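Data first, discussion second: the structure below is written as C-alpha cells.
We did not get these values from a lab; they are worked out from the coordinates using the rules stated. All values derive from a computational prediction rather than experimental measurement. Glycine also receives a Cβ, built like all others from the backbone with ideal geometry; neighbour counts cover every protein chain displayed.
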Amino acid sequence: MNVRRARPLGRIVAGRIIAFAALAMLAQLVIVLGQYASDPENLARLTLEQETSELAGGLARNGTRLAFQLPRELASRYDTEGSGYVARVRTASGVVLFSHCDRACTEHFLPLDLNPPSFWMRILAPGYPLSFAGGRTVEIGDRSAFIELAVTGDPQGAIWGVLAEEALDHMVLPMSLTLIFVLGATLFSLRTALHPVTVEAEKAERLDPLSPDARLDEAGMPLEIAQLTGAVNRSYARTRELMAAQKLFTSAIAHEIRTPLAVIRLELERIDHPAARRVTAELDELTHFVEQLVTLARLEASDRTGFAPINLAELGRDSVGTLAPFVYSHGASIAFDGVAEPTITAHAALLKDAVRNLIENAVRHAGPGIAITVATDGGPGLGVSDDGIGFEAEKPQTGAGHDAPGHYKRAGGLGIGLEIVRRIAALHGGRLEITPNVPHGTVARLVFPPPPGEITPAR
C-alpha cells in the first residue's frame, strides 16, 4: 500500500493563502471591469490619456525647436489609412509637427489659431465601441506641444490596453505586494510557533515510552498541538501503568505455576517406571515453556534503568562457562571465539538470557553431536553458530486456523525462544539476524548500535 507523504504545514498554508488571494484578485478584477464597463465616458478619457502619452514619446527637442517622429509601434494606427485612428501634433502657436488627418477629420479638432487648453474631450457617439475626440498639452522641457486624436469605433481595441494598465497599476501590483507581506508574515509566524513542535518531534524519535520520565514538553506549543502532546503523554502514562500491572501479574503466575510443577516433578521422581520418566521429560518441557512465557511478559515491562557498560566478550565467556554442562549433557560441544572486545551499554542479565536462549535452541533443534561457537565481532555484535541441520524460517500466516503473527504453537521451538531474543535486542536498540552457516548449520547474531561517536565498520 502506498502511503502518501505528508506535506509541511507551511507549504499547505502558503498554498491556500495564494489560492484564496488569487480568487480574491479575480473577483476584484471582475468587479473593477464591471465598473469601468458601466462608464464608457471614463474609459474614453483614460484611452485618450494613454494614447496621447504614447504619442508624446515621439517628441524631441531640436535646439530651440520641437520635432516629432511617430513611434514605430503606433504606425499601424496613426500612419495607416482607414485605421479608425487619426492624430495631429502641433505647437501652441499652431505649427503642425505631425498630422494623420484629412480635411474631413479636422472638424473634430480645435482650430490651429486657438490657444489650446491643457485637456479637452468630446464623445462622438455614446456607448460602445468607443468613438471620441480630444487633446492634451504635454511639456517638453520649457516648451509645450498639443496632441490631438480622434477614435472611431476603436477597431484595434485600445480600450483593452487601458483596462490592462489600470488593473496592473491599481490592483495587481498593490495586491501582490500585500500578498507577499501577508505570506511572509504567516510563514514566519508558523515557523516560530511550530519550532517547539519540531524540537519535541526530534525528542520523540529518541523517546522510550517505558521510561518513568518519558514525556513530551507542552511548554511554548500552540493550544491545539499542546492538546495532542498532552494526549500522547497520557497515553505513555497508561502504557507504563499497563506494563506495571502486567509485570505484577506475571510475577504472580510465576509463583503460582512453578511451585505446583516442582511438586509434581518431585512426586514423579519417586515413581520407578518408564512412563514416569517420559512424563518427567514432558514436565521439564512444560516448565521451560512457562519460564519463557514469564520472561517474554516481563520484557514488556523492562526499561533502561539497569543499563551499564558491558563487555560482550566477557559476557560471552561467562555464558559459555555457565551453559557448558548443559550442552555437554546433550552430546554437543561449545566454544568461545573472542575475535573482538566490543563494549555496549546494556542490561547484563537480559543479554545473558538472550545468549542462553540461542544456545538452548541450538542444542534442542540443531541435531545431535553439534558443535556450537559463541563469537563476538566489532559490529558490535555477538553470535551463536552451530553446524547442525539448520532451519528455514516460516512466514507467519493469518486467518482461520492460523495464529496471528508473533504467536507460536509449540513450546521450546524456534518460536517463543527467538521472540524473547528479538525483544531483548530491540530493547537495546539492536536486532537479531539469523542466517545459514556455510556449509551447514545456523548463525544467530545479535547486532547492536555502535556507541555514540563511533562508526560501524563495513562488513
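In the set (1) within 30 Å of Pro111 (Cα to Cα); (2) surrounded by 15 or more Cβ atoms within 10 Å (Cβ to Cβ), Gly157 fails one condition alone, (2).
Residue by residue, here is whether (1) closer than 30 Å to Tyr128 by Cβ; (2) in a strand (DSSP E or B); (3) not acidic (Asp, Glu) holds:
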site	(1), (2), (3)
Arg7	no, no, yes
Gly15	no, no, yes
Val30	yes, no, yes
Leu33	yes, no, yes
Glu54	yes, no, no
Ala67	no, yes, yes
Arg77	yes, no, yes
Asp102	yes, no, no
Pro116	yes, no, yes
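Screening the range 217-232 for residues that are in a loop (DSSP other than H, G, I, E, B) and of a type in the set (D, E, K, R) and picking the one that is surrounded by the most Cβ atoms within 10 Å (Cβ to Cβ) gives Glu218.
This table checks each residue for (1) without any contact (Cβ under 8 Å) to a residue 60 or more places away in the chain; (2) closer than 18 Å to Ala366 by Cβ.
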residue: Ala313; (1), (2): no, no
residue: Arg317; (1), (2): yes, no
residue: Leu323; (1), (2): yes, yes
residue: Tyr328; (1), (2): yes, yes
residue: Ala332; (1), (2): yes, yes
residue: Val339; (1), (2): yes, no
residue: Ile344; (1), (2): no, no
residue: Ala349; (1), (2): yes, no
residue: Lys352; (1), (2): yes, no
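Can Ala19 be described as surrounded by 11 or more Cβ atoms within 10 Å (Cβ to Cβ) and not basic (Lys, Arg)? Spell out how you get there, then give the answer.
Details: surrounded by 11 or more Cβ atoms within 10 Å (Cβ to Cβ): no; not basic (Lys, Arg): yes.
No.
Can you name the residue in the range 119-139 that is aliphatic (A, V, I, L, M) and surrounded by 13 or more Cβ atoms within 10 Å (Cβ to Cβ) and is also farthest from Gly84 (Cα to Cα) among such residues? Steps first, please.
Taking the range 119-139 as the starting set, the residues that turn out to be aliphatic (A, V, I, L, M) are 121, 123-125, 130, 133, 138.
Next, only the ones that are surrounded by 13 or more Cβ atoms within 10 Å (Cβ to Cβ) stay: 121, 123-124, 130, 133, 138.
Details: Met121: 17, Ile123: 15, Leu124: 13, Leu130: 11, Ala133: 12, Val138: 23 Å.
Going through the qualifying residues, I end up with Val138.
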